[in-house]
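Notes follow once the structure below has been shown.
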């Protein structure tokens with residue numbers, strides 16, 4: 001993203017808030033969603049109330065700058081470099097995001113470090129009650145969050161609601177921390193000696209978030225991390241930070257003390273600072289391959305615990321006996337929904353035998369009927385991609401696939417919805433006759449594109465998928481139980497769906513992507529997430545009972561090594 005340089009001090013002119021822009025878009029689209037009174041409160045706290053024509057990027061005369069959250073206060077950055085925050089459906093600049101300074105980042109870390117001293121000793125039930133109140137506030141402000149996600153990220157309102165809801169589920173799960181984080185104890189491991197293990201928080205931990213789930217992914221991270229006693233430094237995507245700031249305000253209203261959560265903005269420099277800072281004990285990352293590998297390597301080299309969710313090439317396998325209508329609907333939504341910008345989107349479908357000719361045209365016909373438009377438009381099925389660069393990359397991979405021999409059954413390139421001609425739109429696209437050696441198959445397209453491959457048997461389909469380096473998710477569509485059992489047993493992918501297109505586990509389980517899609521030992525949320533944010537401490541204790549007569553040992557235990565000679 002090109003950096004826009006902003007010089008001088010802003011004027012005192014009152015600015016139109018991002019939420020005002022969102023409200024105008026809602027009205028323009030005749031959407032039934034309305035913003036409540038909270039919108040202006042959040043807007044005023046997390047967005048700058050001042051700007052001027054000589055400081056706004058891209059020639060925009062009146063846009064706010066996004067604030068940071070440091071030590072319980074939304075503060076404006078002193079940075080000189082900003083990136084534009086745009087609505088992907090219109091390219092309208094609705095704000096600018098600061099690339100925060102090294103000192104501002106240091107302030108955030110030190111705030112979290114100081115807050116940890118008292119937060120770690122706050123009773124676990126009290127920490128859980130904060131999350132209980134937090135989930136209540138998310139529910140109360142659900143529509144405002146969804147509209148913000150739609151405006152900044154481009155998702156349809158339905159997809160944006162799903163984004164918020166799946167994050168909300170993790171907050172609800174965090175309320176169970178008192179139960180899932182209990183330790184272990186064994187008494188009398190030796191004469192009068194007890195040993196017990198407890199889980200303790202790590203300290204200051206950090207999260208680096210992607211653009212594609214601006215509400216859900218932050219909620220994968222800090223609710224669980226903070227409930228077990230850590231403090232958190234969050235870096236949301238600079239492309240859509242609004243939801244993170246709204247959620248942070250709700251968390252503080254729910255009772256999260258100042259400093260427990262801090263939010264900074266930036267790009268490469270801040271990511272490297274997170275990896276290198278000696279006071280940050282662990283990093284949660286979700287994003288692309290290059291950045292994910294970099295964060296894992298640099299973070300672990302600095303002695304940190306790292307969990308890194310990265311790229312994917314999720315396959316669906318369709319057997320000839322699959323239910324036609326249900327399978328067609330499932331695959332269409334799984335590859336085109338959210339404009340294909342989901343780490344669990346189905347981007348490759350392997351059709352076995354006769355299924356190849358029976359399903360592909362039906363999927364293309366179904367996708368043709370999807371409405372592609374601005375995310376807040378009523379009835380919209382597919383919104384814009386996040387940026388012109390993302391759109392160009394996806395279109396380039398489509399062209400490369402055709403050049404290498406793929407047949408384009410449905411071509412969504414060049415589509416411009418009425419009223420959104422400047423948006424980053426790519427309509428659903430279906431390629432067939434794709435082979436594993438083609439570029440469009442080997443690379444993650446991250447757009448509404450389905451690559452269709454053919455296999456002669458279920459075994460061949462399994463071998464195709466297992467040969468792919470990624471291991472995030474896969475699905476099988478069939479009515480044959482034996483085939484399903486073979487598939488789930490032999491497939492080398494971390495998350496498997498049977499007649500389920502996007503098998504994302506609920507938070508009582510964990511998000512278990514594997515192989516090239518994940519680096520680390522402990523996955524996100526669920527029990528594994530709790531384990532990632534805590535460390536074991538084992539205590540062995542002996543309290544001599546000098547004034548109490550010794551308890552006699554049971555007969556028959558002499559000589560079995562229960563204690564050292566002479567210590568019976």
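The values are calculated or read from the model by the stated rules, or taken from the named source; none is laboratory data. None of the values given here were measured: they were computed from a predicted structure. Please note: Cβ atoms are built from the backbone with ideal geometry, for glycine as well, and neighbour counts cover all protein chains shown.
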For residue 361: the one exception among (1) surrounded by 17 or more Cβ atoms within 10 Å (Cβ to Cβ); (2) farther than 17 Å from residue 426 by Cβ: (1)
Residues of the stretch 429-444 satisfying the condition of being within 22 Å of residue 362 (Cα to Cα) and part of a loop (DSSP other than H, G, I, E, B): 433, 434, 435
Residue that is nearest to residue 111 (Cα to Cα), among those in the stretch 278-310 that are buried (at least 21 other Cβ atoms within 10 Å of the Cβ) and over 18 Å from the mean Cα position of the chain (by Cα): 280
Hits in the stretch 364-376 (condition: outside any helix (DSSP H, G or I) and crowded, with 16+ Cβ neighbours inside 10 Å): 370, 372, 373, 374, 375, 376
Count - residues of the stretch 465-512 that are touching a helix residue (DSSP H, G or I) at 6+ places or on another chain (Cβ under 7 Å), surrounded by 19 or more Cβ atoms within 10 Å (Cβ to Cβ) and in a strand (DSSP E or B): 3
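Residue-wise test of (1) closer than 19 Å to residue 409 by Cβ; (2) modelled with pLDDT of 95 or more; (3) in the same structural domain as residue 155 (by TED's automatic domain parsing).
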{"residue": "301", "(1), (2), (3)": "no, yes, yes"}
{"residue": "323", "(1), (2), (3)": "no, yes, no"}
{"residue": "329", "(1), (2), (3)": "yes, yes, no"}
{"residue": "335", "(1), (2), (3)": "yes, yes, no"}
{"residue": "343", "(1), (2), (3)": "no, no, no"}
{"residue": "349", "(1), (2), (3)": "yes, yes, no"}
{"residue": "358", "(1), (2), (3)": "yes, no, no"}
{"residue": "362", "(1), (2), (3)": "yes, yes, no"}
Boolean, residue 362 is under 25 Å from residue 156 (Cβ atoms) and free of Cβ contacts under 8 Å to residues at least 40 places away in the same chain: yes
Helices (runs of 4 or more DSSP H) enclosed by the stretch 150-256 - at least 3 residues per element that are at pLDDT 95 or above and surrounded by fewer than 22 Cβ atoms within 10 Å (Cβ to Cβ): 157-174, 242-253
Residue in the stretch 393-409 that is under 27 Å from residue 155 (Cβ atoms), assigned by TED's automatic domain parsing to the domain that holds residue 357 and under 24 Å from the mean Cα position of the chain (by Cα) present: yes
Qualifying residue in the stretch 448-464 (condition: surrounded by fewer than 24 Cβ atoms within 10 Å (Cβ to Cβ), in contact (Cβ under 8 Å) with a residue 40 or more places away in the chain and under 30 Å from residue 197 (Cβ atoms)): no
Residue in the stretch 346-357 that is within 27 Å of residue 457 (Cα to Cα), out of contact with any helix residue (DSSP H, G or I) (no Cβ under 7 Å at 6 or more places or on another chain) and part of a loop (DSSP other than H, G, I, E, B) present: yes
